[in-house]
Amino acid sequence: MKGRISSEYGEILVDSDVIATYTGSVAVSCFGIVGMAAYSMKDGLVHLLRRDSLKYGINVRIDNNRISLTIHCIVAYGVSILTVYENLSEAVRYKVEQFTGLNVDRVDVVVEGIRVIDE
């Protein structure tokens, strides 16, 4: 489904893939997030996604121009998951609303795994 923004010049349609890609780029820049995750039905494992595949870790639903996001991510070992969630949901909500002009109703975070960060 696509988000619709009407203006005096016409109508803008925003595809859910665009929102997913933008959300993924915002998410990986947040504290405590190692990357986006995708579950493989073939082998039952969770895979860390490369930078160019971030949209596959995001589920976007648009109903009545209101966005609901589910973010599948991998968190850094030793950080508070609650703190990561609060930071991630606030940053994603703010930046996606500014980017699209649509309201974000819900941001769900699914932690698919943890990873030790090499320093």
Against the conditions (1) open to solvent by 70 Å² or more (accessible area, probe 1.4 Å); (2) at pLDDT 85 or above, where does Met41 fall short? Just the number, please. (2)
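Restricted to the range 51-67, and to residues that are assigned to a strand (DSSP E or B) and open to solvent by less than 20 Å² (accessible area, probe 1.4 Å), which residue is nearest to Asp105 (Cα to Cα)? Full working, then the answer.
If we filter the range 51-67 for residues that are assigned to a strand (DSSP E or B), which is where we start, we get 58-63, 66-67.
Okay, now just the ones that are also open to solvent by less than 20 Å² (accessible area, probe 1.4 Å), so 58, 62, 67.
Values: Ile58: 15, Ile62: 10, Ile67: 6 Å.
The residue in question is Ile67.
Which of the residues that make up the range 69-119 are among the aliphatic types (A, V, I, L, M) and part of a strand (DSSP E or B)? Outline the logic, then answer.
Kept after step one, since they are among the aliphatic types (A, V, I, L, M), are these residues of the range 69-119: 69, 71, 74-76, 79, 81-82, 84, 88, 91-92, 96, 102, 104, 107, 109-111, 114, 116-117.
Selection gives Leu69, Ile71, Ile74, Val75, Ala76, Val104, Val107, Val109, Val110, Val111, Ile114.
Go through the range 82-115 and give me each residue that's without any contact (Cβ under 8 Å) to a residue 40 or more places away in the chain and more than 16 Å from the chain's Cα centre (by Cα).
Answer for the range 82-115, where residues must be without any contact (Cβ under 8 Å) to a residue 40 or more places away in the chain and more than 16 Å from the chain's Cα centre (by Cα): just Leu82.
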Any residue at all in the range 105-112 that's within 11 Å of Met36 (Cα to Cα) and either acidic (Asp, Glu) or in contact with an Asp or Glu (Cβ under 9 Å, 6 or more places away or on another chain) (or both)? yes
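Can you tell me which residue is modelled with the lowest pLDDT among those in the range 46-80 that are within 13 Å of Ile114 (Cα to Cα) and of a type in the set (A, V, I, L, M, F, W, C)?
Of the range 46-80, the ones within 13 Å of Ile114 (Cα to Cα) are 46-48, 72-80.
Next, only the ones that are of a type in the set (A, V, I, L, M, F, W, C) stay: 46, 48, 73-76, 79.
Values: Val46: 61, Leu48: 65, Cys73: 90, Ile74: 88, Val75: 93, Ala76: 92, Val79: 93.
It comes out as Val46.
The values are calculated or read from the model by the stated rules, or taken from the named source; none is laboratory data. Just so we're clear, the structure is a prediction, and the values are computed from it rather than from any experiment. In this analysis, Cβ positions are derived from the backbone assuming ideal geometry, glycine residues included, and neighbour counts consider all displayed protein chains. With ligands, DNA and RNA removed, areas are computed over all heavy atoms of the protein, side chains included. Shrake-Rupley method; radii C 1.70, N 1.55, O 1.52, S 1.80 Å.
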